[in-house]
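One structure below.
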Amino acid sequence: MSGNGDGGLVRARGLAKRFGDFAAVRGIDLDVRPGEAFGFLGPNGAGKSSTMRMVACVSPRTEGDLTVLGMDPLTQGPRIRARLGVVPQQDNLDTELTVRENLYVYGRYFGLSKSVVRAKATELMEFAQLADRADDQVEPLSGGMKRRLTIARSLINDPDLLLLDEPTTGLDPQARHLLWDRLFRLKQQGVTLIVTTHYMDEAEQLCDRLVVMDGGRIVAEGSPGELISRYSTREVLELRFTPGDQDPAAVEGLAERVEVLPDRLLLYTADGEATLAAAHARGVTPLSSLVRRSTLEDVFLHLTGRTLVD
Ligand SMILES: Nc1ncnc2c1ncn2[C@@H]1O[C@H](COP(=O)(O)OP(=O)(O)OP(=O)(O)O)[C@@H](O)[C@H]1O
Ligand SMILES: [Mg+2]
């Protein structure tokens, strides 16, 4: 019945999306496994949302194969959507309704009974820490509150697969951590998560596996740990300079790889302290220095030559 015979909750082969002449997604392969948290990490315009919208059955693919929960979005969109929770990148709440009414209307749309929706709405307002705003109109709520309501709304039908497009954009650090914790609990209950994010820490915290997307293509895939060990060194030495003062020639040969950012040099090395000592011995005098572990940001920088977060 569920039709997940091949084991993949989402399976894509050569999936592509064009808008006129422009190719937003250029033939990607995906296999999302039941129960995992799967991430799309990539910069603006990478094609993350375009991919999510195809999976969410709100945007038809241009080319390739796609199955979601074992079904084809082109022919079985409504049946798939009934089992999905969707958090679009832009909140699309009904701002003239109250918090409670937004949940209620959405739940009724899924065909849930009045009493079930009422109970579920109360539970989800607690989940989103919006219980004290239950009967307030949505319009004047803060951006973070609206985001939390959109996330709560996505859970009204107890989805098997939750699609979250930049879920924590606009949330303060405390709310982000709280959401990660909630998502982790949903995963423990067996919900499969697909998340897009610009935030490498979010991807590292949340995702069992992820793909790095750039320019409509998947440029790498693996667990956060695998990606870091494949594409980066154990440690990174950051040397900070007055913008414009950094000179990569001065550290040549000291590290496996050097990245030049506007205000610093990143030296990729197994032993940051030893590399720092070697730099000092050469007379390199940064304003400050820092040794840290490699992150997905370093992976992304290596793969694309660009930073993820501005
Ligand atoms: N409806 C559309 N019509 C035309 N072009 C579009 C449309 N939707 C997206 N695009 C283009 O497709 C490319 C990928 O966009 P998409 O929104 O998928 O990227 P993204 O990875 O989600 O970026 P962001 O991180 O900014 O959300 C962009 O160049 C965008 O301008
Ligand atoms: Mg997007």
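None of the figures in this text is laboratory data; all of them are computed from the coordinates on show. Here the structure is a predicted model, which is why all the values come from computation and not from measurement. Reconstructed Cβ throughout: ideal geometry from the backbone, glycine too, with neighbour counts over all protein chains shown.
Quick notes
- Test: residue in the stretch 85-97 that is surrounded by fewer than 16 Cβ atoms within 10 Å (Cβ to Cβ) and at positive phi: no
- None of LEU155, LEU124 is in contact with a Leu (Cβ under 7 Å, 6 or more places away or on another chain) and either surrounded by fewer than 21 Cβ atoms within 10 Å (Cβ to Cβ) or outside any helix (DSSP H, G or I) (or both) except LEU155.
- The residues of the stretch 223-249 that are part of a helix (DSSP H, G or I) and either touching a His at 6+ places or on another chain (Cβ under 9 Å) or not polar (S, T, N, Q) (or both), listed by number, are PRO224, GLY225, GLU226, LEU227, ILE228, ARG230, TYR231, PRO248, ALA249.
- Residue pairs meeting the criteria (Cβ under 7 Å; at least 6 apart or on separate chains; first on the phi < 0 side of the Ramachandran plot, in the stretch 202-222; second basic (Lys, Arg) and within 16 Å of ligand 1 (Cβ to nearest atom)): MET213/LYS48; ARG217/ARG26
- Residue ranges of strands (runs of 3 or more DSSP E) in the stretch 1-108 with at least 2 members within 16 Å of ligand 1 (Cβ to nearest atom) and either free of Cβ contacts under 8 Å to residues at least 40 places away in the same chain or of a type in the set (Phe, Trp, Tyr) (or both): 37-41
- The set of residues in the stretch 286-310 being in contact with a helix residue (DSSP H, G or I) (Cβ under 9 Å, 6 or more places away or on another chain), more than 26 Å from ARG209 (Cβ to Cβ) and hydroxyl-bearing (Ser, Thr, Tyr) consists of SER289 alone.
- Selection within the stretch 273-301: residues that are under 18 Å from ARG230 (Cα atoms) and either touching a Phe, Trp or Tyr at 6+ places or on another chain (Cβ under 8 Å) or without any contact (Cβ under 8 Å) to a residue 40 or more places away in the chain (or both). The member of this set that is surrounded by the fewest Cβ atoms within 10 Å (Cβ to Cβ) is SER294.
- Residue ID - surrounded by the most Cβ atoms within 10 Å (Cβ to Cβ), chosen from residues in the stretch 45-84 that are within 16 Å of ligand 2 (Cβ to nearest atom) and not hydrophobic (A, V, I, L, M, F, W, C): THR51
- Scan the stretch 183-202 for residues that are surrounded by 20 or more Cβ atoms within 10 Å (Cβ to Cβ) and either in a strand (DSSP E or B) or away from ligand 1 (no atom under 16 Å from the Cβ) (or both) and the total you get is 7.
- Test for LEU9: is it more than 16 Å from ligand 2 (Cβ to nearest atom), closer than 29 Å to GLY170 by Cβ and surrounded by 19 or more Cβ atoms within 10 Å (Cβ to Cβ): yes
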